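The values are calculated or read from the model by the stated rules, or taken from the named source; none is laboratory data. Model, not experiment: these values are computed from the prediction. Note that we place each Cβ from the backbone using ideal geometry, even for glycine, and neighbour counts take in every protein chain shown. Areas reflect the complete protein model, heavy atoms only, side chains present, ligands, DNA and RNA absent. Shrake-Rupley method; radii C 1.70, N 1.55, O 1.52, S 1.80 Å.
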Amino acid sequence: MKIRRVLLGVIVLIMSCLPLTALAAEAPMITVDMLLSPGEEGMLRFTIDNPDSSEHNYTFFIKGLTDGFSAYFMVEGVAVNNMDVAASNSAVAQVNIEAPANPVQNVYDFIIISTRDDEETTSFPVHVSMNLDYSVSLVSEVDRMESMIGKPFDLQVVVSNTGNKTLENVSITADLPYKWFVESAVPETLTLTPGESGLFQLKVMIPAAQNSGNTQISIFAGNEKTQSQTITIPIKVTGKANFALVLIGAVVITGIATYIYFRKNGRR
């Protein structure tokens, strides 16, 4: 589950021959306001206008990301950090900004920067306000695990409502290796009042076809309003159970062979 918000306003960036500092000093820039909940991802679209008689490439950058914020740019559904714009034409790009699960501040300010291949630069600021009404955190009782091939293992995680309003239908989502699956999750959902915590107990099945080695699982909690941080737990998968069965089988076979030998030949 990924919480996303689309800002419908379109920001038009017209490339100026003024350097960035001069641009900021000569003309006021339009500030885009975003409201994000902890763990939420917001998206805004902007247009790059190329008034020149030749094609140009534009490289994107976001300045000022702190406290666990992350961002990436997309063009036509593909993650990129630059794009070409034909002569006397324009093109639309978008930036996705994801807030951390536990922001340190209530407001943040970033700058979206676009640099043309001839070093002409323009920018616009983004002001992000944090909606702390809905916020959830997740803690695992273990930071690493060891389990056996073909066997389930239990995992307990604590979910806390760190926001100001009640959270309903809070659930756990697990990103598991291929063919692994959650056998049970107790409870399936929780309702948490502000400051309240709840326990989820997961039983995860490792398939018999799994190879021994190191892997990991990732889990997060949330509902339609907010999402916690993602926790990654390294897991060492061993074949000890299969080895033990083979060893027991070998002992049993040896014992039977010994018994038959002495029954047939007697003790000497």
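Quick look at the values:
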| item | result |
| --- | --- |
| Area accessible to solvent at M83, 1.4 Å probe radius, in Å² | 20 |
| Formal net charge of residues neighbouring A208 (Cβ-Cβ distance under 11 Å; K, R +1; D, E -1) | +2 |
| Average accessible surface area per residue within segment 160-216, 1.4 Å rolling probe, Å² | 59 |
| Percent carbon-and-sulfur accessible area, segment 43-85, ignoring ligands, DNA and RNA, probe 1.4 Å | 49 |
| L35 accessible area, 1.4 Å probe, all protein chains in place, Å² to nearest 10 | 80 |
| Spin-label zone in segment 149-174 - amide nitrogen under 19 Å from a point set 7 Å from the Cα of T193 along the C-beta vector | 159-170 |
| Out-of-range pairs (alpha-carbon distance over 32 Å; input K179/K225; K63/K179; K63/K236; K63/K225) | K63/K179; K63/K236 |
| Accessible area of E119 in the full protein assembly, 1.4 Å probe (Å², nearest 10) | 140 |
